[in-house]
Amino acid sequence: MESLQSAPPETRTPTTMSGIGRVLVAVYGVLALAALGRSFVQIVSKYEEAPLAYALSALAAVVYVVATIALVRPGVVWYRVAWATIAFEFTGVIVVGTLSIVDPALFPHDTVWSWFGRGYLFIPLVLPVLGMWWLAKHRPTAGAE
């Protein structure tokens, strides 16, 4: 079996599963699990207290799961899915973060993205920036599927 390094240049496909890419994927995976767990507990136990906040936490969880999968999968289609989910994530963090400061009554309970992710050590604010940088540096080759 030929390794990626010994393959001819025209068939090489950059991978996110090397170096810092592994760390990025791992952090996305942990954040996906954390957001899934949090949103599940919130929705099951106290949804009526803050339906918007808890629905947004669930949406964030789905975005993190899809982004994690897209970062791991090779090919142009998954590369585009990764860009779409990470751009959506960044937009969500900025919009929800800003709204949670400007009008705290909108979010009586925190979401993953409230206050720019302060409940998650601001990782939700930094992670999409790193993700977009990583994707920009690791575009799939023209012949990648």
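Every number here is computed from the coordinates shown, using simple stated rules; none is lab data. It should be emphasised that the depicted structure is a prediction, and the values quoted were computed from it without experimental measurement.
If the chain between Ala55 and Ile20 were fully stretched, how many nm would it gain, using 0.36 nm times the residue separation less the Cα-Cα distance?
That pair, Ala55 and Ile20, stretches by 9.5 nm at full extension.
Using amide H atoms built in the peptide plane, which far-off residues or other-chain residues are under 5 Å from Val112 H to H?
Distant-sequence amide H within range of Val112: Ser57.
Beyond 19 Å, how much of the Cα-Cα pair distribution for the range 16-63 remains, as a whole percent?
Above the 19 Å cut-off, the range 16-63 has 36 percent of its Cα pairs.
Would you compute the Debye intensity of the range 15-145 from its alpha-carbon atoms alone, equal scatterers and no solvent, and pass along log10 I(q)/I(0) at q = 0.16, 0.19 Å⁻¹ to two decimals?
Per q value, in the given order, log10 I(q)/I(0) is -0.74, -0.97.
Tabulate in residue order the Karplus-calculated ³J(HN,Hα) for the range 109-116, using 6.51 cos²θ - 1.76 cosθ + 1.60 with θ = phi - 60°, rounded to whole Hz; enter x for Gly and Pro.
Here the 3J(HN,Hα) series is 10, 5, 9, 4, 9, 4, 6, 6 Hz.
Taking only Cα atoms of the range 53-125, what ratio of Rg to Rh do you get with Rh as the Kirkwood inverse-distance radius?
Answer for the range 53-125: 1.04.
In whole Hz, what ³J(HN,Hα) sequence does the range 43-55 give by Karplus (6.51, -1.76, 1.60; θ = phi - 60°), x for Gly and Pro?
Karplus-based 3J(HN,Hα) across the range 43-55 equals 5, 6, 9, 8, 4, 5, 6, 7, x, 5, 4, 6, 5 Hz.
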